[in-house]
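Have a look at the structure below before the remarks.
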Amino acid sequence: MLSDVYFPRVNGVSTSIATFRADLEALGVETTLVVPEYGNASFGADEPGIVRVSARPVPRDPEDRFMRRSELRRALQQLSDGRFSLVHVHTPFLAHYAGLEFARQAGIPVIETYHTHFAEYLHHYIPFLPRALGRALARTITRRQCNATDSVIAPSEQMFALLAAAGVQRPVTVIPTGLPPVRFVPGNAERFRRAYALSQRRPIVLYLGRVAHEKNIGFLIDSFAEVRRARPDALLVIAGEGPARHALGQRVLLAGMAKDVMFVGYLDRDGELADCYAAAAVFVFASRTETQGLVLLEAMAQGCAIVSTACLGTVSILQNGSGARVAPENPAVFAQAVIDLLDDPPQARHRGELARTYARGWGSAAMAARLRQFYAERGARVKIDPEPAATAASGESNERQACLDSR
C-alpha cells in the first residue's frame, strides 16, 4: 500500500487505511504501507509493516507532507524482492505514480481507492484558478489516473457514478470503509465537560472533522447563529484542525459569537474522541465533498443525534433507518432542525439509538472481507474462505465491472 497521507495526519484516508490494515491482518493478509514522515521520529517507529519516507511540508497546508521523490524511490527499491502480489494506492499524488512504476516493474496488478473528490474544492487551494477550469482539470486528472490502473475502488455509490461520468473505463467496485468495534465503546460526557470547564446543563452542538474550506463549516457557523437566537445556552464545538482554522476563527469573532463557539483542535482517538461525541446533544455536518462521510458513521456509533445535509457520498449513509435528520443547505431550515432536537431530548435520544443500531451494519470486518475477495479476484496471493459476505461482494463487483465495461 502507498499513500501520501497517514497518521499522525488525521483524516478519512488515514482512518480508512488503518482500519482496513488491521482487519486484513486478522484475515491473514499481510500488508506493507509506505507513507510520509511528519517530523516526529518517534511516531510510528515501532509500527510493524510501515515504511516512513522523508518528506517536506506542503505550501499553504502545513499539516500535509510531500514525500521526497529520491527517498521514495530508494524505499521502494528496498521492497523490490518479489514478496508482493499487488499494489494498492490510496492517494493521487506522488504515491500514485510511484505505485504504478513499482507495479509495472514487478509485473503485478495495481489498484487505487479514489478517496477524494477534488473537482469540488480545488479552487480553495489554487484560488487564482477559475472554478469551472479547476473542475475540468480535476476530472481529466482523475480519468487519466484511474485508467492507468488495473482496477479502482470507490468508497460509495455516488463516487462510483462520478468516476463513470468522468470517463473512467477501468473496472470500479464500491467498497466502503467500515467501523471497528472500538468505535462503539461509549465515551464519557462528564469527562469531556470537566476537561473544558463546561456546564453540565449547556447543550453542545458538535462538528468533528478536518477544519478545511471544503467541509463547509462556515455554513454550520451561520446556521448556529440562527440556533443561538432560539437557544442562547447552546455551544458549538468544532473539533479538528486544518487550513481553514484561522479564517473560521475570524468569522466567529465578526459574528460576535466568541463565547458561543469553541475550537478544541485534534482529539485523541483512544479516549477524547468518544468523550466528545458523548457530550454532544446534536452532531452537525454539511460537507459537499465527502466520498463517503466516515465521521457520520462514527457519530452514529456513539449514539449521536445527527442533522446533516446529504451531498455526494453522505447520501449512501444518510438512509432511512439511520436516525439522522437530513436538512437542506439553508441556514434557517438547518438551524430549525437542530433546535427541534435540542428542545426535545427524548426525540434526540431516540434518533441516537436508531443511529447506533444502524451503524452496526457497517462493521469493518465485513468490509475487509470484501477487500480481501477483491484482491484475490485481481491475482493477489490471498487465501479466500467461503464466506457469504465475500460471495455477495464478488457478485456485486462483477455486476459493476460489467456495467463499466459495456460503456
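Closer than 19 Å to E290 by Cβ and in contact (Cβ under 8 Å) with a residue 24 or more places away in the chain: is that true of L235 in this structure? Explain how you work it out, then say what you get.
On the way: closer than 19 Å to E290 by Cβ: no; in contact (Cβ under 8 Å) with a residue 24 or more places away in the chain: yes.
Judged against the criteria, L235 is not a match.
When you go through (1) part of a loop (DSSP other than H, G, I, E, B); (2) out of contact with any helix residue (DSSP H, G or I) (no Cβ under 7 Å at 6 or more places or on another chain); (3) among the acidic types (D, E) one by one for D4, which number turns out not to apply?
It fails just one condition, (2).
Given the condition more than 15 Å from the chain's Cα centre (by Cα), modelled with pLDDT under 95 and not assigned by TED's automatic domain parsing to the domain that holds D64, answer yes or no: does some residue in region 229-243 qualify?
Yes, there is a match, as at least one residue in region 229-243 is more than 15 Å from the chain's Cα centre (by Cα), modelled with pLDDT under 95 and not assigned by TED's automatic domain parsing to the domain that holds D64.
Within region 354-394, take every residue that is modelled with pLDDT under 95 and of a type in the set (S, T, N, Q) and give me the one that is surrounded by the fewest Cβ atoms within 10 Å (Cβ to Cβ).
Among those residues, the one meeting the criterion is T391.
Taking the criterion of being at pLDDT below 95, within 22 Å of the chain's Cα centre (by Cα) and not charged (D, E, K, R), would at least one residue in region 29-38 satisfy it?
Yes, the conditions are met somewhere in region 29-38.
Quick check on my filter: what residues within region 107-129 are at pLDDT 95 or above and more than 14 Å from M1 (Cβ to Cβ)?
Of everything in region 107-129, those that are at pLDDT 95 or above and more than 14 Å from M1 (Cβ to Cβ) turn out to be G107, Y114.
Can you name the condition, by its number, that Q292 falls short on among (1) in contact (Cβ under 8 Å) with a residue 60 or more places away in the chain; (2) touching a Gly at 6+ places or on another chain (Cβ under 8 Å); (3) surrounded by fewer than 21 Cβ atoms within 10 Å (Cβ to Cβ); (4) under 26 Å from H117 (Cβ atoms)?
Evaluating Q292 over (1) in contact (Cβ under 8 Å) with a residue 60 or more places away in the chain; (2) touching a Gly at 6+ places or on another chain (Cβ under 8 Å); (3) surrounded by fewer than 21 Cβ atoms within 10 Å (Cβ to Cβ); (4) under 26 Å from H117 (Cβ atoms) leaves (3) as the failure.
What is the residue count in region 318-338 for residues that are touching a residue at least 40 places away in the same chain (Cβ under 8 Å) and crowded, with 20+ Cβ neighbours inside 10 Å?
Going through region 318-338 one residue at a time, the tally reaches 3.
If only one of A26, A45 is at pLDDT below 95, under 25 Å from D270 (Cβ atoms), loosely packed, with under 14 Cβ neighbours inside 10 Å and of a type outside the set (D, E, K, R), which one is it? Can you show your working first?
On the way: A26 fails: at pLDDT below 95.
Only one candidate passes the filter, namely A45.
Quick grid of which residues meet (1) over 23 Å from R183 (Cα atoms); (2) under 17 Å from the mean Cα position of the chain (by Cα):
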| site | (1), (2) |
| --- | --- |
| G293 | no, yes |
| G303 | no, no |
| R325 | no, no |
| P328 | yes, no |
| Q336 | yes, no |
| R360 | no, no |
| A365 | no, no |
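Just for region 257-291: of the residues that are more than 14 Å from the chain's Cα centre (by Cα) and acidic (D, E), which one is farthest from D222 (Cα to Cα)?
Filtering first and then ranking leaves D270.
In region 146-169, which residues are farther than 30 Å from A299 by Cβ and crowded, with 19+ Cβ neighbours inside 10 Å?
C146, T149, S151, V168
Within region 81-109, track down each residue that is of a type in the set (F, W, Y) and more than 20 Å from R143 (Cβ to Cβ).
Narrowing region 81-109 to residues of a type in the set (F, W, Y): 84, 93, 97, 102.
Across region 81-109, the qualifying residues are F84, F102.
Restricting to region 57-83, count the residues that are touching a helix residue (DSSP H, G or I) at 6+ places or on another chain (Cβ under 8 Å) and either closer than 16 Å to G99 by Cβ or touching a residue at least 60 places away in the same chain (Cβ under 8 Å) (or both).
Taking region 57-83 and keeping what is touching a helix residue (DSSP H, G or I) at 6+ places or on another chain (Cβ under 8 Å), we get 60-61, 66-67, 69, 72-73, 76, 79-80, 82.
Then keep just the ones that are either closer than 16 Å to G99 by Cβ or touching a residue at least 60 places away in the same chain (Cβ under 8 Å) (or both); that gives 60-61, 66-67, 69, 72-73, 76, 79-80.
Residues meeting the conditions: 10.
Do you know which of the residues in region 226-255 that are small (G, A, S) and either assigned to a loop (DSSP other than H, G, I, E, B) or in contact with a Gly (Cβ under 9 Å, 6 or more places away or on another chain) (or both) is surrounded by the most Cβ atoms within 10 Å (Cβ to Cβ)?
Filtering region 226-255 for residues small (G, A, S) gives 230, 234, 239-240, 242, 244, 247, 249, 255.
Next cut, either assigned to a loop (DSSP other than H, G, I, E, B) or in contact with a Gly (Cβ under 9 Å, 6 or more places away or on another chain) (or both) only: 234, 239-240, 242, 244, 247, 255.
Details: A234: 19, A239: 20, G240: 22, G242: 20, A244: 20, A247: 13, A255: 15.
If we take residues in region 226-255 being small (G, A, S) and either assigned to a loop (DSSP other than H, G, I, E, B) or in contact with a Gly (Cβ under 9 Å, 6 or more places away or on another chain) (or both), then G240 is surrounded by the most Cβ atoms within 10 Å (Cβ to Cβ).
With respect to R193, is the statement that it is surrounded by fewer than 22 Cβ atoms within 10 Å (Cβ to Cβ), touching a residue at least 12 places away in the same chain (Cβ under 8 Å) and farther than 27 Å from T357 by Cβ true?
Details: surrounded by fewer than 22 Cβ atoms within 10 Å (Cβ to Cβ): yes; touching a residue at least 12 places away in the same chain (Cβ under 8 Å): yes; farther than 27 Å from T357 by Cβ: no.
The answer is no for R193.
Answer with yes or no whether S223 is within 21 Å of G271 (Cα to Cα) and either buried (at least 18 other Cβ atoms within 10 Å of the Cβ) or touching a helix residue (DSSP H, G or I) at 6+ places or on another chain (Cβ under 8 Å) (or both).
Values: within 21 Å of G271 (Cα to Cα): no; either buried (at least 18 other Cβ atoms within 10 Å of the Cβ) or touching a helix residue (DSSP H, G or I) at 6+ places or on another chain (Cβ under 8 Å) (or both): yes.
Against the criterion (within 21 Å of G271 (Cα to Cα) and either buried (at least 18 other Cβ atoms within 10 Å of the Cβ) or touching a helix residue (DSSP H, G or I) at 6+ places or on another chain (Cβ under 8 Å) (or both)), S223 does not qualify.
Can you tell me which residues in region 182-199 are within 21 Å of V295 (Cα to Cα) and out of contact with any helix residue (DSSP H, G or I) (no Cβ under 8 Å at 6 or more places or on another chain)?
Within region 182-199, V182 is the sole residue that qualifies.
The values are calculated or read from the model by the stated rules, or taken from the named source; none is laboratory data. Just so you know, these numbers come straight off a predicted model, no measurement behind them. Note: ideal-geometry Cβ built from the backbone for every residue, glycine included; neighbour counts use all protein chains shown.
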